[in-house]
Amino acid sequence: MKNKNFSLKSKLSLSISLVVLLIVALISLLANYFIEDQFKDYILIQQKKTTHQIITSISQQYNNQSDSWDIDFIHKIGMDALYNGYIISVYDSKNNTVWDAKSCDMELCNEIMNDISDRMMVKYPSINGTFITNEYPAINNKQQVGTVKISNFGPYFLSKDDFQFLDSLNQLLIGIGIFSLAVSILVGFYLAKKLTNPISKTVEVSKRISFGDYGARIQEETNTKEIDELILSINHMAETLENQENLRKQLTADVAHELRTPLTTVQTHMEALIEGIWEPTTKRLQSCYDEITRICKLVNDLERLAKLEGQNLNLKKTSINLLELTNKVIYNFEVELKNKYLKINVSGNCQDIPADEDRINQVLTNLISNAVKYTPYEGSIEINLSETETSALLSISDNGIGIPESELPYIFERFYRADKSRNRMTGGSGIGLAIVKSIITAHRGSIEVTSNLNEGSCFTIILPKYRNQ
Ligand code: ADP
């Protein structure tokens with residue numbers, strides 16, 4: 001693994017934080033844009049209203065009867081307006097100046113004008129604002145009594161309070177952004193941790209398994225479907241490996257054990273013959289020969305099984321007739337069947353199937369040999385053939401000694417013999433069914449067994465009827 005790879009936890013928390021950051025930034029930008037836009041409209045309406053109010057208030061200060069203006073009040077209105085950014089001058093109907101903010105306090109006017117332009121130029125340079133003057137008629141009693149000139153920064157301007165409001169809004173948005181980011185980092189970290197913890201545990205246990213600790217299991221429980229499946233399959237893999245390992249150990253021990261007995265017998269017999277303790281009679285030599293034959297059979301069986309279990313089990317498939325093959329195999333057992341007074345009956349039929357004749361012959365031989373071996377004198381063996389739409393079924397049932405239920409799951413394993421003592425008599429090595437299973441699996445078929453102790457057993461092989469199935 002390259003060092004520059006980041007951990008899933010960092011990647012996840014970083015991605016979540018980044019997404020939240022982007023969303024917050026986008027929301028802030030959009031909010032800012034829309035608020036400013038709306039605010040600008042609001043300010044324009046407000047400015048219109050203020051202008052209208054100023055004109056109305058000033059117009060009302062004209063007294064029709066005395067043809068005079070209330071200068072004090074106009075001064076008050078004018079100064080208020082000036083502080084709000086409006087520079088006012090009022091003229092009577094003969095265009096004589098009634099009141100003028102500039103002549104009243106030029107310095108203050110300039111200061112306020114500069115203040116507003118500076119602020120607007122800095123914050124809104126794009127609107128290219130400048131002070132504009134508009135002239136409005138002063139109407140009193142439906143008659144124009146004069147003119148009001150109002151200068152203000154246009155097209156619109158924001159007061160100090162307005163700027164403050166916008167600043168606070170921006171600060172609030174930034175605050176919300178920072179808060180959301182902090183929360184997202186925490187939540188992202190928490191989520192990433194929750195998600196990656198079981199993965200890290202799984203990696204740790206997988207490493208232990210890869211170093212040979214097949215007993216290691218992941219105990220972690222999550223509510224994530226995919227991780228649960230991963231944990232389940234790794235635990236399953238470990239279990240399979242553990243079983244395989246046990247089987248391998250068992251196999252080595254069993255091979256040693258199986259070989260030792262006949263070898264010791266042959267060794268002691270040979271020693272006795274060499275040292276002259278025994279006469280080399282035909283009977284003694286025959287006994288040695290039998291033991292050697294047993295060893296050879298075992299080694300042959302092992303070799304056959306190893307070949308079958310190897311990856312390149314090449315099947316020479318031809319179209320075979322199961323009924324014909326069964327009868328052919330039964331023919332080879334004629335002597336044994338007669339010796340034990342066993343009845344054998346074949347029923348049913350099925351269409352020809354694509355299979356390796358020699359291998360299926362081996363399967364039938366092993367299964368029938370077992371039925372013969374494990375069925376007592378005068379027992380009976382039933383062979384039945386049938387088919388479904390896609391498979392051919394062949395069952396071999398006997399009314400023999402049966403197999404204990406607890407042992408059924410193991411009988412297809414190499415060297416497994418239910419009730420070891422009985423096999424000493426029958427001479428079984430526990431490889432026959434392992435070979436059967438390997439051949440059937442190679443044909444993409446399956447084998448099932450049902451059995452009741454002391455009542456009998458039934459082995460059913462299911463083989464596909466068509467190629468490419
Ligand atoms: P073996 O050479 O010992 O028969 P197999 O692999 O053929 O080895 O069978 C494994 C074990 O399954 C046997 O030892 C026997 O205990 C049991 N078994 C197989 N077939 C039968 C059967 N038809 N009836 C009873 N037990 C059986």
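The values are calculated or read from the model by the stated rules, or taken from the named source; none is laboratory data. From a predicted model like this one, the values you see are computed outputs, not experimental measurements. All Cβ positions, even for glycine, are placed from backbone atoms using ideal geometry, and neighbour counts span all protein chains on display.
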**Request:** Mind listing whichever residues of the range 346-400 are acidic (D, E), assigned to a strand (DSSP E or B) and over 43 Å from the mean Cα position of the chain (by Cα)?
**Result:** E382, D398
**Item:** Close pairs (6 angstrom Cβ cut-off, 6 or more residues apart or separate chains): closer than 13 Å to E245 by Cα in the range 210-225, among the hydrophobic types (A, V, I, L, M, F, W, C) anywhere
**Value:** Y214/A238; Y214/L241
**Request:** List every residue pair whose Cβ atoms lie under 7 Å apart, where the two residues are 6 or more positions apart in sequence or sit on different chains, the first residue falls within the range 408-419 and is modelled with pLDDT of 80 or more and within 8 Å of the ligand (Cβ to nearest atom), and the second residue, located anywhere, is assigned to a loop (DSSP other than H, G, I, E, B) and among the small types (G, A, S).
**Result:** I411/A418
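Residue under question is I353, and the condition is that it be within 16 Å of the ligand (Cβ to nearest atom) and within 17 Å of L463 (Cβ to Cβ); does it hold? So that I can check it myself, show each step before the final result.
Numbers: within 16 Å of the ligand (Cβ to nearest atom): no; within 17 Å of L463 (Cβ to Cβ): yes.
No.
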**Prompt:** Conditions: (1) touching a helix residue (DSSP H, G or I) at 6+ places or on another chain (Cβ under 9 Å); (2) of a type outside the set (F, W, Y); (3) closer than 23 Å to I431 by Cα. H257 meets all but one. Number of the miss?
**Reply:** (1)
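Listed here are the residues, each with its yes/no results for (1) within 20 Å of L8 (Cβ to Cβ); (2) in a helix (DSSP H, G or I); (3) touching a strand residue (DSSP E or B) at 6+ places or on another chain (Cβ under 7 Å).
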| position | (1), (2), (3) |
| --- | --- |
| N197 | yes, yes, no |
| V205 | yes, yes, no |
| E229 | yes, yes, no |
| N235 | no, yes, no |
| T240 | no, yes, no |
| T252 | no, yes, no |
| T261 | no, yes, no |
| A272 | no, yes, no |
| I277 | no, no, no |
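Per-residue answers, yes or no, for (1) in the same structural domain as E135 (by the TED database); (2) in contact with an Asp or Glu (Cβ under 8 Å, 6 or more places away or on another chain); (3) surrounded by 19 or more Cβ atoms within 10 Å (Cβ to Cβ); (4) at negative phi:
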{"site": "N64", "(1), (2), (3), (4)": "yes, no, no, yes"}
{"site": "S68", "(1), (2), (3), (4)": "yes, no, no, yes"}
{"site": "F73", "(1), (2), (3), (4)": "yes, no, no, yes"}
{"site": "I77", "(1), (2), (3), (4)": "yes, no, yes, yes"}
{"site": "Y83", "(1), (2), (3), (4)": "yes, no, no, yes"}
{"site": "Y86", "(1), (2), (3), (4)": "yes, no, yes, yes"}
{"site": "V90", "(1), (2), (3), (4)": "yes, yes, yes, yes"}
{"site": "D105", "(1), (2), (3), (4)": "yes, no, no, yes"}
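May I ask you to verify whether D167 is surrounded by fewer than 16 Cβ atoms within 10 Å (Cβ to Cβ), of a type in the set (D, E) and over 30 Å from W99 (Cβ atoms)?
Numbers: surrounded by fewer than 16 Cβ atoms within 10 Å (Cβ to Cβ): yes; of a type in the set (D, E): yes; over 30 Å from W99 (Cβ atoms): yes.
For D167, the condition - surrounded by fewer than 16 Cβ atoms within 10 Å (Cβ to Cβ), of a type in the set (D, E) and over 30 Å from W99 (Cβ atoms) - is met.
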